[in-house]
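The values are calculated or read from the model by the stated rules, or taken from the named source; none is laboratory data. Quantities reported herein were computed from a predicted structural model and do not represent experimental measurements. No Cβ is skipped: glycine too gets one built from the backbone with ideal geometry, and neighbour counts run over all protein chains shown.
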Amino acid sequence: MDKKASLTLPDGKTLEFPVMSGTIGPEVVDIRTLYGKSGYFTYDPGFLSTASCNSTITYIDGDAGVLLYRGYPIEQLAQQCDFLEVCYLLLNGDLPDAAEKAEFVNTVIRHTMVHEQISRFFTGFRRDAHPMATMVGVVGALSAFYHDALDINSAEHRKISAFRLIAKLPTITSMAYKYSVGQPFMYPRNGLSYTANFMRMMFAVPAEDYKPNDVLVRALDRIFILHADHEQNASTSTVRLAGSSGANPYACISAGIACLWGPAHGGANEACLQMLEEIGDVSKVGEFIRKAKDKNSGVRLMGFGHRVYKNHDPRAKLMRETCHEVLDELGLANDRLFKLAIALEKIALEDDYFVSRKLYPNVDFYSGIVQRALGIPVSMFTCIFALARTVGWIAQWQEMISDREYKIGRPRQLYRGAARREVVPIGQR
Ligand code: ACO
């Protein structure tokens with residue numbers, strides 16, 4: 001029998017709404033007809049209780065610390081797959097077999113170059129611009145370079161745009177870095193893996209090549225896998241909302257990058273490293289924790305807490321493991337900031353303030369330390385996140401456009417401004 005939920009309004013009238021079930025996870029009350037039937041809206045700032053869409057891509061159980069991409073646990077994907085396999089999975093719904101993977105990788109690597117005119121476009125930016133500001137501009141501008149495949153109603157065009165975005169983001173990200181340090185752009189080299197190619201474009205210079213180290217490539221590839229998608233978070237919801245108007249995919253991904261930049265979202269790993277630098281020494285941890293607990297200080301323990309994970313962030317455990325591997329490989333096991341991070345984590349995990357609020361380290365607590373050890377400057381951390389999340393954004397955008405129920409997004413509001421009033425001419429006010 002179909003389940004229903006009933007709602008009694010202040011006038012005593014009772015309305016019934018269908019209850020919908022997913023494969024796993026909480027059921028939802030379908031209130032699409034609420035306004036039409038009752039004249040009421042729901043009030044849910046921050047969408048804490050609202051499912052904005054139905055999706056088959058990613059599942060999170062925040063209480064149990066579970067993250068699944070297309071049903072596969074993140075731990076298994078991080079340990080047994082590479083990033084491009086995960087991209088294939090997110091876009092197509094299943095892991096590829098060997099032939100499918102070879103074809104997918106081959107298509108991605110044949111799209112890694114960007115239109116030569118894009119390198120001129122970079123020169124319009126100041127060298128000291130934040131690379132995320134450059135990324136927002138350049139990714140948005142891709143629609144001006146690739147308008148041969150911008151029909152969002154064409155499945156073929158959407159597929160081409162998806163390949164272009166996944167393939168070109170490493171090139172653009174490395175260009176944003178090279179531009180900021182005044183070095184020449186490095187062209188992609190398609191004989192390398194996706195992640196090794198990115199590292200080479202970041203760290204090689206025309207005068208000296210860069211030999212990717214397998215342990216470090218694997219670590220960055222894991223960062224990409226762990227950040228590839230995360231259900232209906234702020235930036236993904238931004239991409240969906242922008243795309244719901246029919247905007248082109250490059251504009252939508254640029255909107256996602258802009259949203260990701262904030263310190264409460266993708267900017268957290270950068271903010272976390274800055275926080276560690278500011279604390280500076282293990283002896284100052286106690287004082288910092290006191291500040292983070294004081295609401296008036298405006299200080300938060302960056303890299304701690306998550307809107308959805310209220311037990312542990314499964315990505316954090318994997319990132320912690322990677323952190324050890326990278327520091328060992330580079331002989332940095334005694335790294336000052338890493339030791340500081342471990343001390344901070346230990347104290348916070350035992351402190352009643354953090355325990356009672358279910359605040360645990362999130363993935364970004366460790367990803368910043370790993371990236372710093374790889375030689376990636378702090379200002380590039382969020383760009384790396386954007387590179388990795390592009391596949392999730394594009395998969396979610398594709399899913400939305402292909403959904404027969406999709407409509408332009410239009411939240412409502414509870415208006416608390418002035419009631420209607422008349423304009424008085426300026427001399428009489
Ligand atoms: N440090 C100190 N106190 C915190 C922190 C923190 N990092 N996070 C939450 N709190 C406190 C709040 O002050 C609040 O306390 P109260 O109940 O006494 O008022 C309580 O915990 C709940 O906080 P909310 O902000 O309501 O929690 P929410 O789930 O909305 O926020 C968020 C989640 C934004 C991630 C928050 O924990 C935060 O700001 N963390 C630091 C930034 C960060 O690491 N962001 C990365 C997110 S992961 C990602 O984007 C990949």
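Brief remarks on what is shown
- Any hit, region 268-278, residues being closer than 27 Å to residue 328 by Cβ, touching a Pro at 6+ places or on another chain (Cβ under 9 Å) and within 16 Å of the ligand (Cβ to nearest atom): yes
- For beta carbons closer than 9 Å, sequence separation of 6+ or different chains, a first residue in region 284-311 that is under 20 Å from residue 273 (Cβ atoms) and a second that is charged (D, E, K, R) and near the ligand (Cβ under 6 Å from one of its atoms), the qualifying pairs are 292/300; 302/364; 303/364; 305/357.
- Residues located in region 362-384, provided they are in contact with a Ser or Thr (Cβ under 8 Å, 6 or more places away or on another chain) and under 14 Å from residue 260 (Cα atoms): 379, 380, 381, 383, 384
Matching residues to (1) away from the ligand (no atom under 13 Å from the Cβ); (2) not in a helix (DSSP H, G or I):
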position: 286; (1), (2): yes, no
position: 289; (1), (2): no, no
position: 296; (1), (2): no, no
position: 308; (1), (2): no, yes
position: 317; (1), (2): yes, no
position: 322; (1), (2): yes, no
position: 334; (1), (2): yes, yes
position: 337; (1), (2): yes, no
position: 343; (1), (2): yes, no
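- Every residue from region 273-315 that is hydrophobic (A, V, I, L, M, F, W, C) and farther than 20 Å from residue 230 by Cα: 273, 275, 276, 279, 282, 285, 288, 289, 292, 299, 301
- Residue check, residue 313 within 14 Å of the ligand (Cβ to nearest atom), surrounded by 15 or more Cβ atoms within 10 Å (Cβ to Cβ) and either under 22 Å from residue 62 (Cβ atoms) or in the same structural domain as residue 294 (by TED's automatic domain parsing) (or both): yes
- Failed criterion for residue 60 (all others in (1) farther than 21 Å from residue 396 by Cα; (2) within 16 Å of the ligand (Cβ to nearest atom); (3) of a type outside the set (D, E, K, R) hold): (1)
- Only one entry in 192, 260, 220 is within 16 Å of the ligand (Cβ to nearest atom) and not small (Gly, Ala, Ser), namely 260.
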